[in-house]
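Participant: Before I ask anything, here is the structure I am working with.
What follows is calculated from the coordinates using simple rules that are stated; it is not laboratory data. Small disclaimer: the values here were computed from a predicted structure and weren't measured. No Cβ is skipped: glycine too gets one built from the backbone with ideal geometry, and neighbour counts run over all protein chains shown.
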Ligand SMILES: Nc1ncnc2c1ncn2[C@@H]1O[C@H](COP(=O)(O)OP(=O)(O)OP(=O)(O)O)[C@@H](O)[C@H]1O
Ligand SMILES: [Mg+2]
């Protein structure tokens, strides 16, 4: 899928590969010459190692040509956000440092999350010497439920906070999130029972907000080593059948057959849940392969990036 948006939101259940997909998308865009910012929040950073660099921290750092990354925290984002959005230090101090408004701000549900989201949005609008600072911001969002509550904050602010700079910007953020020309939500999942159910739930919640997901990426799909009816599959059938036949197979061969059977089962499970996902989801589904590397690095991330853009 072509991902030439200002803001790409990578969402999904914990552990399914959001950070890997975010890095793959960002790496691909950067390789195409787009100035790309990879944005993560309070993360145990993977981006640095993926691009052979030290772990990414709160300052924007270069990872590759056209590719930068930042790992923001609520505290740093809130201070930055206050200054960026309110533009003048005096206004910032009035709103953020004032004792009464500090207490008031703390009472706003999800202000920390809003600061983190606001920072992502700010970078989409950031300019350098009159030109946009970034072509794309790729946001590696927190896991499922947390990402929805984070995305919902601008709605909460518009509904609960008296008119002022906060509500003005919350409206702008809302408009951007709901504009498919500027924002693409990419949903990452696995072809397994719980992740499929969570992906469907997440798709519904995002759509209800007006953020319609553009792509559902099913990560870590097992390869088809044993196509039904192929000679290799018939050979495996015969081997598996003789495992139960005591003494028919030497122990190492029995072990090998058991492993091969596991791989075939895993693929079958993936196929079953891919079919279920395709039947239930409204979003376009594409697959990403399980990569068998000790640890993923630049080459694997680039491969996944190619798969995502050609899907
Ligand atoms: N297609 C793949 N093939 C093999 N390994 C993968 C693949 N995608 C991700 N991984 C590995 O799976 C692990 C989890 O991936 P990742 O950190 O991207 O998930 P996440 O959704 O960001 O997790 P978290 O919720 O902890 O932030 C990592 O070790 C990553 O390298
Ligand atoms: Mg992650």
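Participant: Taking the Cα-to-Cβ direction at residue 194 and at residue 293 and moving 7 Å from each Cα, how far apart do the two end points lie in nm?
Facilitator: In this crude label model, residue 194 to residue 293 measures out at 2.7 nm.
Participant: Run the quick spin-label model on residue 262 and residue 306: label points 7 Å from Cα toward the beta carbon, then report their separation in nm to one decimal.
Facilitator: If labels sit at residue 262 and residue 306, their model points lie 3.0 nm apart.
Participant: Using the number of other C-beta atoms within 10 angstrom as an exposure proxy, rank 140, 179 with the fewest first.
Facilitator: The most exposed by this proxy come first: 179, 140.
Participant: Using 0.36 nm per residue of separation minus the Cα-Cα distance, give me the extension gain between residue 225 and residue 237 in nm, one decimal.
Facilitator: 3.0 nm
Participant: Mean projection of the alpha-carbon convex hull of the stretch 162-266 over all orientations, in nm²? If you can, show how the numbers build up before the last one.
Facilitator: Numbers: hull surface 43.7 nm².
Average of the hull's projected areas for the stretch 162-266 equals 10.9 nm².
Participant: Can you order the peptides 232-240, 29-37, 200-208 by their average number of other Cβ atoms within 10 Å per residue, highest first? Please report the intermediate quantities before stating the final value.
Facilitator: Numbers: 232-240: 14.3, 29-37: 19.1, 200-208: 17.1.
Ranked from most to least packed, the peptides come out as 29-37, 200-208, 232-240.
Participant: Additional query: Under the classification rounded if a/c is under 1.5, otherwise prolate if a/b is larger than b/c and oblate if not, where does the stretch 1-67 fall, given a ≥ b ≥ c as square roots of the Cα gyration tensor eigenvalues? Walk me through the intermediate numbers first.
Facilitator: Details: a/c = 1.68, a/b = 1.07, b/c = 1.57.
Oblate, because a/c is 1.5 or more while a/b does not exceed b/c.
Participant: Ranked by Cβ crowding within 10 angstrom, fewest neighbours first, how are 176, 194 ordered?
Facilitator: Values: 176 18, 194 12.
With the fewest neighbours first, 176, 194 line up as 194, 176.
Participant: Quick one: check the C-alpha center-to-center distance for the stretch 143-163 versus the stretch 222-280, whole angstrom.
Facilitator: If we compute the Cα centre of each part, the gap is 47 Å.
Participant: Right, another one. For each of 40, 300, count neighbouring Cβ atoms within 10 Å of the residue's Cβ, then give the residues from fewest to most. Intermediate results must be reported in sequence, preceding the final value.
Facilitator: Values: 40 26, 300 18.
In order of increasing Cβ crowding within 10 Å: 300, 40.
Participant: Give, in nm to one decimal, the length gained when the segment between residue 163 and residue 278 is fully stretched (0.36 nm per residue of separation minus the Cα-Cα distance).
Facilitator: Working: separation 115, 0.36 × 115 = 41.40 nm, distance 4.32 nm.
Stretched fully, the residue 163-residue 278 segment lengthens by 37.1 nm.
Participant: Per the helix-only calculation at 222 nm, which mean residue ellipticity applies to the chain, given -39500 (n - 2.57) for every DSSP H run of n ≥ 4 and division by its residues, nearest 500 deg cm²/dmol?
Facilitator: Result for the chain, helices only: -16500 deg cm²/dmol.
Participant: Could you order peptides 42-50, 121-129 by the average number of other Cβ atoms within 10 Å of their residues, highest first?
Facilitator: On the way: 42-50: 18.2, 121-129: 15.3.
My ranking of the peptides, most packed first, is 42-50, 121-129.
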